[in-house]
Structure formats: C-alpha cells, structure tokens
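The values are calculated or read from the model by the stated rules, or taken from the named source; none is laboratory data. The shown structure was predicted, so the numbers you read here are calculated from the model rather than taken from an experiment. Cβ coordinates were reconstructed from backbone atoms using ideal geometry, including for glycine residues, and neighbour counts include every protein chain displayed. All accessible areas refer to the heavy atoms of the entire protein, side chains included, with ligands and DNA or RNA removed. Shrake-Rupley method; radii C 1.70, N 1.55, O 1.52, S 1.80 Å.
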Amino acid sequence: MNFFENFDLKQIEDLDLFAKQVVEGFIIGLHKSPFHGFSVEFAEHRLYNPGESSRSIDWKVFARTDKLFSKKFEEETNLRCQIVMDISSSMYFPKSSNGKDQINKLQFSALSAASIMNLLKRQRDAFGLSLFDENIQVHTKAKSSTTHYHLLLNYLDNTIKDEQMDKKTGAVNAIHQIADAIHKRSLVIIFSDMLDSFKDIDEFFSALLHLKHNKHEVILFHVQDRAKEVDFEFENRPYQFIDMETGEKIKLQSNELKDHYVQQMKKMQEKIIQKCLQYKIDMVKADINQGFAPILQSFIAKRKKLM
C-alpha cells in the first residue's frame, strides 16, 4: 500500500506542525514496540523509579502509553549534524498527473529533513542545513536554537515551493565544498537521488570519502520512487520521457525499454551498495512511497552508535 495514498499535500504548508506530527507518532510507536530501552533513551525519557520526584514525570506520555516516564535533560549538546539535500530538478519527480496530488522526491526529502531536525531539537543537538543543485544554494552552521530551527524550516519551505526545471546537479563539487566548510566532527546526512552520480560513481564516493577523512560520519539516503525509477512499472503503452534537468525528450514504448533499464539499474544499485560497504558509509534506500519511519529509524540507530 502506498504510504501517501490518502496524503494531502496541503499538510506540508506548515512544516513545523507536520514534523511534530511525524515525530510524535513515531515516538509513540516506539513506546508501544518491544524495544522500550531504545525508544525511551532516544525520546529523552527513562522509566520512572518509585520514590523519585514526580515533577519530572511526562504526563502526556503517560496518557498515551499508560506508563510512567521521567524526562531526561541534557545541559550540553551531544551531537552536531549537517543535513545535506539535493534540490536539482530531478528531485521534483514524480510530477502530479491527472490533477492528482502526489509527493515527489524533494518534498519527501524536505519532510524527512524537517522531522530529523525536530528530533535533534528535542535532544538539544546542533543541526545545520546545506542545499545544492549545480552550486551550493544554502549552507548554515550547526546550531540548536529554536530560532535556527525555524530559519531552516523556512529554507526548506521555499525550496518545496520553487519548482524550477532545468536545474542540474553538481553533487561531487558540492559535497567537497561542504566537507571543507564543516570544521567540527559531525554526522552528515545526505538526501539525493544520485542520478548525476551514475555517470561517475567513483567521483561521487571520492567526495563522500572527503567527509570520512575529515572524521565525519555519513548517512546516505538514496531517495527514489522505487516503483517508477527502479522497477520501471509503467503501463505497456507509448510514453514521452523527459530529462527534468536538461529538458531532453524521448518517445518510447515502455516494454521496449524495461528489461534493459531494470538490469542496468540493478547493476548500479549493487555498485553503490558495494562502495558504501567498502568505505563504511551507511546507505539507506529511501523509497518515497514507504513513509518516514525508515528514515527516522536509521537516524536513531546511527545516533545511538555515535553516543
């Protein structure tokens, strides 16, 4: 089932509210799961011990879970995180068709980034944002303030609303520049469809190694519409395929291309996985139809390792 089957794109007009809803629903789900220690630690809660002051009890969590948790406060920042997002035109796939709203890769990445920032803010961790197409369009330092959080949400919101086509990708140069700009050891989270990187995968991973050599940890979210971009699930009829970054067009019968396309895509996916294993980079296949839980789970697992 498509996670966004009943999704209303109007919901993302308030990124802060949407991020809170995603995170709170996710935390509640973790509290109901068998991994209590995992969820409690990350959600800044710990089980309440009889005899402790009741002032630290989180009564909202009690109302939802029927269990007593004490709030856990940290005075110092635990983690620095830089969220890096590809905003080239290919990230606007899929475009709405037949007047039907559907989420695209850029909206999915922005909503995921907003949710992660909401989690980081709750943890009093510092977070920054970098947005790139052919060039770096936004790069901020990592901070933990609420004002900074809302500034970054504003950048994401403006990006969602700017559907300019023919914006090419310069991921390799952008990542090298970001690696030089981040001066303190950080967790770097990258959202990209990596379409330009298919041309020279070695150059792309050379840029990721620049981050690793600077002592940063990396999570690469490979953002895709799996049904269309990986499995090539199109009806057997003529289509006009358009390169969203160059505007180049080609007309084809879908079944004439499918077998070759799927085979080549599988080879590329396998190469990416091998490179990530080789260089100890966490890579997550982020299917835009599967919701945000895989993104948040991967982030939490990585954060736990770093702490």
Residue 215 to residue 168: FRET efficiency via 1/(1 + (r/R0)^6), r the Cβ-Cβ distance, R0 51 Å, to the nearest 0.05? 0.95
Net length gained if the chain between residue 228 and residue 161 were fully extended (0.36 nm per residue, minus Cα distance): 21.8 nm
With each pseudo-label sitting 7 Å past Cα toward Cβ, what's the residue 49-residue 143 distance in nm, one decimal? 3.8
If the cut-off is 21 Å between C-alpha atoms, which lysines fall inside it for residue 249, apart from same-chain ones fewer than 8 positions away? 95, 105, 167, 168, 199, 228, 258
Result for region 73-187: accessible area per residue, probe 1.4 angstrom, in square angstrom, of 44
Using the beta-carbon distance between residue 257 and residue 279 and R0 = 30 Å, what value does 1/(1 + (r/R0)^6) give for FRET efficiency, to the nearest 0.05? 0.40
